[in-house]
Amino acid sequence: MIAEILLVLAGHSSSIFPSDHTVNPAFRPLLHPGEEQCLQAVGRIAARYRSIKKSCLTLTRSQSRYICALCATLNQILKDEYEGLVVETEAKLLRRDPELVARGSFVPLTAILAVFSGWESPFIALQSMMEQLESQDEWKPGPLIDMLVARSKTGTSRIADIFSRLSTAVQRAWRAQLAAFLVHGSITATDPLASEDYVLLEGSTPACVSPQTRESIMYIGKAIGTVKRKRWAYQIPREQAFQHAQLLDTVLPEDKYRFDSVIGQIRTTISEWLWLHVLTRKDVEEAVVSLANYFLLRNGEFCLALIRDIEKLKISRLTTRTGVPSMIKEQDLNLALLRASLSTTAQHDPSLLKLKFKLPSGPIRPLLPSFSRAGSKSLLSSVNGNSSEAVSFDDLLLGRSLLLTYDTTWPLDLFLHPSDLQVYSALFGYLSSIRKTQTRIHECWTSLSNAQRARRRWTGLGEGGTAEDLMVRQQLLRFGWGVVRDMGWFLDTLLEYVMVDVVDLEFRRLKDLVTRPTRERPESVGREGAATHDSNVALPSQTHLDFTTLRNVHTTYLERLVAGCLLSHPSLTTVVRCILEICERFVAQVERWGGDVLPALLFEGSLAAGGHDRVGALVQERFQVVSEIDKSLRELFESFYQQLTLMTSYQPFTAAGDASRSVLINASIGNASTLQRTFARGKGLDGEGEVRRHVEQLLLRLDFNGRFSKPTGL
């Protein structure tokens with residue numbers, strides 16, 4: 001009977017247990033109740049073992065290499081440890097080992113149960129794992145590794161050890177796939193980690209791999225795969241590929257920090273090689289210039305022509321005949337890009353073809369500016385409540401969300417990441433909104449001037465009307481001129497600050513750094529502490545602008561643009577948007593009134609009925625509208641000045657985070673930090689200090705006559 005029990009424990013069937021672990025009723029009269037319980041416990045262990053082996057046999061036929069690796073490792077563990085224990089126990093019985101054989105002839109069932117009871121808990125856990133594996137038709141490597149790692153975190157040492165070994169086996173199979181992707185740029189047909197465009201598939205990486213590391217894996221695989229596919233003149237050196245393979249063999253993804261470090265080292269090495277052989281300094285310089293010209297509005301004539309063409313497109317769609325499609329589509333906006341480039345310096349610029357407009361909500365119907373204050377009121381309430389939500393400006397140019405995109409092809413996409421282009425698109429929406437509103441205010445000023453010159457032909461030096469009506473008409477006219485003057489003054493000041501003190505300064509600094517040749521440090525400059533404030537001599541000897549440093553410098557450039565344009569402070573951007581909306585509202589009102597704030601003398605309601613000396617209804621109505629706009633505008637100006645003053649006094653004037661979220665991991669710290677300090681320093685100031693100085697200059701321009709800084713009476 002003992003031999004039969006050992007055979008059952010080894011996975012064979014027996015008449016003692018006709019089904020599962022239930023003892024055959026024919027044997028029950030011959031057994032003591034304690035012996036029956038021992039047999040049932042042994043039967044449960046054997047039944048779970050048979051279930052696990054059966055599931056392993058089924059899962060081994062799976063096409064997934066990860067499931068096969070798991071089953072092979074589990075079979076090896078069971079063979080070496082559990083089946084070996086069965087053989088060892090049988091050998092002890094044959095040798096009449098006193099630990100199992102009492103008085104040399106009697107073998108208690110409790111002794112057999114004590115030997116194998118340690119496997120009861122592991123078999124329960126393994127059986128549960130097998131049921132979970134069989135419940136799904138397909139297992140991606142990421143969720144599979146996550147499940148094994150989670151199961152290995154238990155207080156039972158044997159269970160933790162088994163699942164840790166299973167997890168390690170699956171991770172090694174995944175690492176082999178990763179090595180093929182990172183070292184050779186190859187994507188397997190079965191269980192691929194990435195798609196044909198080198199984007200990691202969902203579930204292809206475990207949760208222990210950070211998002212930055214995932215992005216680095218896609219970056220490396222795309223770089224190597226594209227170089228090989230295009231049969232570039234220069235290929236990755238074999239020695240370098242061998243070193244990368246050796247580095248990968250030393251880590252597993254569950255060791256998060258070491259794994260991130262190794263991927264970062266490989267990315268840095270690949271980036272340096274690409275910078276020397278594939279992505280040249282000229283390509284980067286052209287990309288930086290084109291992005292600044294079109295996204296940061298440095299090409300003024302083109303951007304002004306584009307704003308006017310978009311306005312003409314809206315008007316043409318609004319005035320189209322019935323039956324003709326009045327929707328604005330993306331191709332209409334892209335055609336406006338080409339029309340705007342005519343007779344400008346952008347006409348023959350090849351990078352213009354990389355610009356495309358995108359409508360996230362699809363084709364739209366054009367809308368004129370609204371006269372409602374609902375949107376402004378909600379924004380003002382958020383300002384008063386110190387809301388931290390980001391404010392978007394991408395809907396002010398067209399009336400609906402409009403994004404300007406830039407087509408990055410190989411190898412430029414190694415330098416410009418999608419997150420960088422999102423920052424550029426946000427900056428374009430912000431700058432184009434200010435420029436468009438400023439243009440509208442200037443057109444309104446021109447319209448008011450033309451209307452006044454035409455009116456003075458008939459009224460002479462006055463504004464016409466009765467005695468009382470004349471005074472109110474003069475007051476309304478001066479009121480309207482004052483509102484337009486304040487709007488134009490504020491927008492001119494803000495745009496001058498943004499374009500001159502922020503965009504132009506940061507762009508010239510970045511371009512100088514990109515185009516600067518390698519410079520040697522003068523011998524007169526000593527070690528640390530002896531360098532002067534001159535950025536040209538602050539560089540170390542034989543400074544080389546490597547790719548990692550270039551990426552970090554470009555990230556700093558975007559951060560400083562976002563901070564300098566005040567986009568990193570939601571309270572300020574909310575006030576700016578409110579000002580732009582109220583300017584649009586005033587211009588729309590003037591256009592609705594025929595280009596003048598004063599009604600014509602012969603218009604109905606312009607003079608009081610019956611010839612009495614009373615103010616006409618139209619004059620009263622327009623005076624109330626202009627007065628309300630003027631009051632709201634002054635409140636917004638004061639709020640903007642106060643928010644800007646508080647921010648410069650109490651808050652660090654830097655971006656709230658990484659503007660592009662694409663800083664390379666494990667960058668070359670020494671060279672990068674030196675060049676970043678060179679990029680950030682200007683006339684002895686650090687980056688934050690210089691931005692703060694420019695903002696203080698903006699405050700001085702806004703308060704040139706002491707209007708905002710003078711204390712107000714209670």
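Loop only by DSSP, 16 or fewer other Cβ within 10 Å of the Cβ. Give me the GluC sites (Glu not before Pro) in the range 67-113 that pass, ordered by residue number.
Filter output for the range 67-113: E99.
When a/c is below 1.5 the answer is rounded, else prolate if a/b is larger than b/c, else oblate, so apply that to the range 1-139 with a ≥ b ≥ c taken from the square roots of the Cα gyration tensor eigenvalues.
prolate
Among the chymotrypsin sites (Phe, Trp or Tyr not before Pro) within the range 33-109, which fall in a DSSP loop and have no more than 15 other Cβ atoms within 10 Å of their own Cβ?
none
For the pair E272/R508, report the inter-label distance in nm, with labels modelled 7 Å from Cα in the Cβ direction.
3.4 nm
Scattering from the C-alpha atoms of the range 57-131 alone, worked out with Debye: what is log10 I(q)/I(0) at q = 0.11, 0.15, 0.18, 0.26 1/Å?
Taking Cα atoms of the range 57-131 as identical point scatterers yields -0.41, -0.65, -0.79, -1.19.
Set the bar at 19 Å for Cα to Cα. Now go through K222/K358; K329/K356; K282/K511; K222/K256; K54/K92 and name every pair that lies beyond it.
Pairs exceeding 19 Å: K222/K358; K222/K256; K54/K92.
How far apart, in nanometres, would the label points at E239 and R158 be if each is projected 7 angstrom from Cα along the Cα-to-Cβ direction?
Output for this residue pair reads 5.2 nm.
On the first, second and third principal axes, largest extent first, how far apart are the outermost C-alpha atoms of the range 209-276 in Å?
37, 23, 19
Along the positive direction of the dipole of the range 1-139 (beta-carbon charges: Lys, Arg +1; Asp, Glu -1; about the Cα centre), which of G11, I77, W119 reaches farthest?
Value computed over the given set: G11.
Can you check how the C-alpha radius of gyration of the range 49-94 compares to 2.2 N^0.38 Å, as a plain ratio?
Relative to the rule-of-thumb radius for its length, the range 49-94 sits at 1.39.
Return the loop-located GluC sites (Glu not before Pro) in the range 160-255 (DSSP other than H, G, I, E, B) with at most 13 other Cβ atoms within 10 Å of their own Cβ; answer none if there are none.
Loop-located and lightly packed - E196, E202.
Note the full-extension length gain between A3 and S361 as 0.36 nm times their separation in residues minus their Cα-Cα distance, in nm to one decimal.
The A3-S361 span can extend by a further 121.3 nm.
Where a number appears in this text, it was derived from the coordinates with a stated rule and is not lab data. All figures in this text were calculated on a predicted structure; none of them were measured in a lab. Glycine gets a Cβ as well: all are built from the backbone with ideal geometry, and neighbour counts include every protein chain shown.
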